[in-house]
Amino acid sequence: MYRSTGFISFVLRRLTGVALVVYLLVHMWVIGGINSGASTFDDRMEFLGKPVFRLLEIGLLAAVVYHGVDGIRLLMVHYFDVTDYRKSLFYAAIVVSGILVIAGGVPILLFALE
């Protein structure tokens, strides 16, 4: 049961959803720093400009891409009645997500390593 593609999809969707909420909270914290003055905003932006946060941007990209692609997969399964292909669609979602993350992650990684 815990090794089925449905369960794996469920867990990944929840983890990426939590990651996106955490990102939005950090984003609001940084943008909200402008209310305390330009120096506070600049300090927060400088803190998030460190290389480790640049690498975490690739994780953010992976979370956004997988969450979106898996959402499209769920809509297809639900509305087009393709429940016989759920496992194949899950693997297709993983492959498509991986390709998109690599395509978008390489420029982010090259920028982070400069």
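Counting only DSSP H runs of at least 4 residues, each contributing -39500 (n - 2.57), and dividing by the residue count of the chain, the helix-based mean residue ellipticity at 222 nm comes to -29500 deg cm²/dmol. Here the chain is assigned +1 on the Cβ of each Lys and Arg and -1 on the Cβ of each Asp and Glu. Its dipole about the Cα centre then comes out at about 440 debye. Separation of region 31-70 from region 78-114 is 22 Å, based on Cα centroids. Our analysis of region 5-112 gives Rg over Rh at 1.11, with the two radii drawn from alpha carbon positions and Rh computed by the Kirkwood formula.
Any read-out appearing in this document is the output of simple, stated calculations on the displayed coordinates, not a laboratory observation. Please read these numbers as outputs of a predicted model, since none were measured by experiment. Note: ideal-geometry Cβ built from the backbone for every residue, glycine included; neighbour counts use all protein chains shown.
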